[in-house]
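Peer 1: I'd like to ask some things about the structure below.
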Amino acid sequence: MSIQYQVENRLFTLNTAHTTYQMKADRLGVLLHLYYGPKVSGNLDYLLTYADRGFSVNPADAENDRTYSLDTLPQEYPSLGTGDFRATGLILRNPDGSECCDPRYVSHEIRKGKYALEGLPAVFADADQAETLEILLEDAVSHVQVRLLYGVLEASDIITRSVRITNAGEGRICVEKAASACLDFLSGDYDLISLYGRHTMERNVQRVPVNHGNFTIGSRRGTSSHQYNPAVILASRDATEDAGVCCGMVFVYSGGFLCESEKDQFGMTRLLMGLQSEGLHYPLSPGQSLTVPETILSCSGQGLGQLSRQFHACIRDHLCRGEYSHTFRPVLVNSWEAQYFDVNAESICRLAEQAAQLGIDMVVMDDGWFGKRDDDNSGLGDWVVNEQKLGCSLDELTRRVNALGVRFGLGVEPEMVSEDSDLFRAHPDWALRIPGRRPVRGRNQLVLDFSRAEVRDHVFQQICSVLDRAHVEYLKWDMNRSLAELYSAETVCGKVAYDYVLGVYDFLEKLIQRYPNLLLEGCSGGGGRFDAGMLYYSPQIWCSDNTDAIDRLRIQYGTSFFYPMSTLAAHVTAVPNHQTGRSTRLHTRFVAAMSGAFGYELDLGKLTPGEKEEIRQQIRQYRDYAPLVQNGSYYRLTDPFRDVCAAWQINSRDTSRALVSVVMLEIHGNMPAAYLRLRGLEPEAVYEDAATGRRYSGSALMEAGLPLPLEMGEYLAYQMELNRI
Ligand code: GLA
């Protein structure tokens, strides 16, 4: 039993293989958080201290006990209006306008299996892999019910949390803020690791001390965003890749989010993850509920690398679905950087012919094939094949491509509409915009109101009629602007942001149910919606619109803190690179791209015979290494933001095989040799370098390391395959 309840102390203990999470309903029914960290045993409520603290208020039912204050106790789900003045997890507006909810313990239930969330993505597990704890809290005055849901995946060291808020009272209430997870750490000094960035430079890593005051990251863009990713790590100050305690949160949601950390007046640290509260005014009439999207928690006592591997395994095995979640993904060539909007049947067939010669499995016609779409100013919303531009029907095109032995994929952007489109001319009110104001544009396009079923249904029908008439085996779901005007003619403003995201999920769910064999790739101007929510529907996401190999190394490094390599779509593109103008060798571009869901995105016709031969060889190599990339254990060996090289290692789960990849980032005169210490091997075992036959002990590779070649040239890349003897 991973979830235990001790009746006499009303104590809940959630154990995973290596961690413990503990909380208790105290004498007043307040749910107090006691501990989350490496595995411990026993009742930890001795950790709580009580003292009469000035200006920390006391609840009425504490009577004359001035030492009891919610301002100073660690809480499981803090709420505004209870006398806790720290960053809060829940703000509810009551029918009388007051903002207060005081949820106290009523009952709980422990059951086998992992809970699911209606309409929302969530971690799943077999009945014997997980347990669920549901704790019911209720406000005695308003009768608002708060259900805290916990999923415990014992072997995976994963705990999930979600919250369901139900109006069981009489008047209409409004949810103004809602987190799905809160962690209070009674003691310790921590750093917060988060990912920040921008379009074409997503997921840089920031590590800052958690000091007094509230530090927040989040997104107000209606999507999870390029700028901040909804995933963070609270690490003890001394935590490194291999050592130290660290706990992470990954929000399983693709809309606006808010993550807050705060060190309080007594040195306690709070971490919260939930819905973006700005603009959230979610009304609940009596009987109605709101589900706060799930947060995945994990904790490691062995540093950041181990924490990342726990998240990787959870996302790969318990969140990504469909036949491609664990099987080989086709090596594809995408038309975007090869042809941009200038696609037609001839150019696509030419690309497919060249692809076939090189051993590429699939050609993807990205943008420009539908409606009137010769640039990015028109056509979105008209999901009708432009046969005039293509020169034939899509069916004929896919037949011609398939006849070459090449599979076919397509790019779409279903949530968007151009003002210059038939859809917009027919339904101008289907776009999100504020009446009486001119719409805010992004890439000269507007956003369709996906909170409305009739809007989704229309787009769904159009896209199905394309997919039903041709043999399309892959679909790239793109989304190319931020949501600025969260106003819907059909619903209350404060609901739209959330209902929009649930509308996207509803569409995606219908799509994967109808086309279970379709490989979906998520995308939002590259990695603007690279989140665990989207990974429930698409097992891979276009990692960034920046395909420069060197920038990609940093983007992929940041992404690797939470998301498995199998989810990162990465392509070899032309040089000079279209985003940076930088030139790197073909081998370097391959080494950077092959650590993810691999493909090409360039005019294959411009390659020299030598490059073609190299690409044939790359693809053979990728096929060999794909099981490692997709299902292996990933180790960061260096920090490409600081070190002379970017280096990483992927081990097979049984550690019998390892692939080490290195790209040199710096070159200087008379360079000192750089040494690379490998990780995760068996110290006692002997490993053989597949290229040279040279043998090393696992312990030597990990403790003494390997010297990197001293060779002249910029951004040289190396790979080494090691096999256990
Ligand atoms: C976005 C995507 C690109 C490409 C273009 C097409 O920028 O991230 O990969 O699909 O749109 O317009």
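The values are calculated or read from the model by the stated rules, or taken from the named source; none is laboratory data. Note that the structure is a prediction, hence the values are computed from the model and not measured. Reconstructed Cβ throughout: ideal geometry from the backbone, glycine too, with neighbour counts over all protein chains shown. These area figures cover heavy atoms from the full protein model, side chains too; ligands, DNA and RNA do not enter into them. Shrake-Rupley method; radii C 1.70, N 1.55, O 1.52, S 1.80 Å.
Peer 1: Assuming GLN357 fulfils every condition listed in (1) in contact (Cβ under 8 Å) with a residue 40 or more places away in the chain; (2) within 23 Å of TYR600 (Cβ to Cβ); (3) within 16 Å of the ligand (Cβ to nearest atom); (4) open to solvent by 10 Å² or more (accessible area, probe 1.4 Å) apart from one, which condition is it?
Peer 2: (3)
Peer 1: Between LEU271, LEU297, LEU275, which is more than 16 Å from the ligand (Cβ to nearest atom), touching a Leu at 6+ places or on another chain (Cβ under 6 Å), of a type in the set (A, V, I, L, M, F, W, C) and under 30 Å from GLY494 (Cβ atoms)? Please lay out each step first, then the result.
Peer 2: Details: LEU297 fails: touching a Leu at 6+ places or on another chain (Cβ under 6 Å); LEU275 fails: touching a Leu at 6+ places or on another chain (Cβ under 6 Å).
Answer to the selection: LEU271.
Peer 1: Further question: Restricting the first residue to segment 171-187 and requiring it to be open to solvent by 10 Å² or more (accessible area, probe 1.4 Å), which pairs with a second residue that is of a type in the set (Gly, Ala, Ser) and at pLDDT 95 or above meet a Cβ separation below 8 Å and a spacing of at least six or different chains?
Peer 2: ARG172/SER285; GLU176/SER277; LYS177/GLY89; LYS177/GLY274; LYS177/SER277; SER187/GLY267
Peer 1: To continue, here is another question. Could you list, ordered by first residue, the pairs with Cβ atoms under 9 Å in which the first is in segment 28-57 and in contact (Cβ under 8 Å) with a residue 60 or more places away in the chain and farther than 21 Å from LEU271 by Cβ and the second is assigned to a helix (DSSP H, G or I) and open to solvent by less than 50 Å² (accessible area, probe 1.4 Å), at least 6 apart or interchain?
Peer 2: From residues that are in contact (Cβ under 8 Å) with a residue 60 or more places away in the chain and farther than 21 Å from LEU271 by Cβ, the pairs are LEU28/ALA62.
Peer 1: When you look at TRP477, is it within 18 Å of GLY409 (Cα to Cα), within 13 Å of the ligand (Cβ to nearest atom), touching a Pro at 6+ places or on another chain (Cβ under 8 Å) and open to solvent by less than 10 Å² (accessible area, probe 1.4 Å), yes or no? Break it down stepwise before answering.
Peer 2: Details: within 18 Å of GLY409 (Cα to Cα): yes; within 13 Å of the ligand (Cβ to nearest atom): yes; touching a Pro at 6+ places or on another chain (Cβ under 8 Å): yes; open to solvent by less than 10 Å² (accessible area, probe 1.4 Å): yes.
For TRP477, the condition - within 18 Å of GLY409 (Cα to Cα), within 13 Å of the ligand (Cβ to nearest atom), touching a Pro at 6+ places or on another chain (Cβ under 8 Å) and open to solvent by less than 10 Å² (accessible area, probe 1.4 Å) - is met.
Peer 1: For segment 211-226, does any single residue satisfy the condition of being β-branched (Val, Ile, Thr), more than 30 Å from GLN579 (Cα to Cα) and crowded, with 24+ Cβ neighbours inside 10 Å?
Peer 2: No, the conditions are met nowhere in segment 211-226.
Peer 1: Moving to a separate point now. When you look at ASP624, is it out of contact with any Gly (no Cβ under 6 Å at 6 or more places or on another chain), open to solvent by 10 Å² or more (accessible area, probe 1.4 Å), touching a residue at least 60 places away in the same chain (Cβ under 8 Å) and not hydrophobic (A, V, I, L, M, F, W, C), yes or no?
Peer 2: No.
Peer 1: Go over the candidates THR559, THR567, THR580, THR588 one by one and state the one that is of a type in the set (Val, Ile, Thr), more than 27 Å from VAL466 (Cβ to Cβ), at pLDDT 95 or above and surrounded by 24 or more Cβ atoms within 10 Å (Cβ to Cβ).
Peer 2: THR559
Peer 1: Within segment 128-155, which residues are of a type in the set (Gly, Ala, Ser) and either assigned to a helix (DSSP H, G or I) or surrounded by 22 or more Cβ atoms within 10 Å (Cβ to Cβ) (or both)?
Peer 2: Answer for segment 128-155, where residues must be of a type in the set (Gly, Ala, Ser) and either assigned to a helix (DSSP H, G or I) or surrounded by 22 or more Cβ atoms within 10 Å (Cβ to Cβ) (or both): ALA130, SER142, GLY151, ALA155.
Peer 1: I need a count of the residues in segment 520-542 that are farther than 19 Å from GLN630 by Cβ and either hydrophobic (A, V, I, L, M, F, W, C) or modelled with pLDDT under 95 (or both).
Peer 2: Number satisfying all stated conditions: 1.
Peer 1: Within segment 330-354, track down each residue that is open to solvent by less than 10 Å² (accessible area, probe 1.4 Å) and away from the ligand (no atom under 16 Å from the Cβ).
Peer 2: PRO330, VAL331, ALA345, CYS349, ALA352, listed by residue number.
Peer 1: Taking the condition of being open to solvent by 40 Å² or more (accessible area, probe 1.4 Å) and within 16 Å of the ligand (Cβ to nearest atom), how many residues in segment 411-464 meet it?
Peer 2: 4
Peer 1: Does any residue of segment 7-16 turn out to be within 30 Å of GLN306 (Cα to Cα), open to solvent by 50 Å² or more (accessible area, probe 1.4 Å) and part of a loop (DSSP other than H, G, I, E, B)?
Peer 2: No, segment 7-16 contains no residue that is within 30 Å of GLN306 (Cα to Cα), open to solvent by 50 Å² or more (accessible area, probe 1.4 Å) and part of a loop (DSSP other than H, G, I, E, B).
Peer 1: Determine, yes or no, whether GLN513 is without any contact (Cβ under 8 Å) to a residue 40 or more places away in the chain, open to solvent by 10 Å² or more (accessible area, probe 1.4 Å) and either farther than 22 Å from ASP361 by Cα or away from the ligand (no atom under 16 Å from the Cβ) (or both). Give the derivation first.
Peer 2: Numbers: without any contact (Cβ under 8 Å) to a residue 40 or more places away in the chain: yes; open to solvent by 10 Å² or more (accessible area, probe 1.4 Å): yes; either farther than 22 Å from ASP361 by Cα or away from the ligand (no atom under 16 Å from the Cβ) (or both): yes.
When the stated conditions are applied, GLN513 passes them.
Residues checked against (1) in a helix (DSSP H, G or I); (2) at pLDDT 95 or above:
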residue: PHE424; (1), (2): yes, yes
residue: PRO435; (1), (2): no, no
residue: PRO439; (1), (2): no, no
residue: SER465; (1), (2): yes, yes
residue: LEU475; (1), (2): no, yes
residue: MET479; (1), (2): no, yes
residue: SER482; (1), (2): no, yes
residue: SER488; (1), (2): no, no
residue: VAL501; (1), (2): yes, yes
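Peer 1: Which one of these does PHE257 not meet: (1) more than 16 Å from the ligand (Cβ to nearest atom); (2) in contact (Cβ under 8 Å) with a residue 40 or more places away in the chain?
Peer 2: Tallying (1) more than 16 Å from the ligand (Cβ to nearest atom); (2) in contact (Cβ under 8 Å) with a residue 40 or more places away in the chain, PHE257 fails exactly one: (2).
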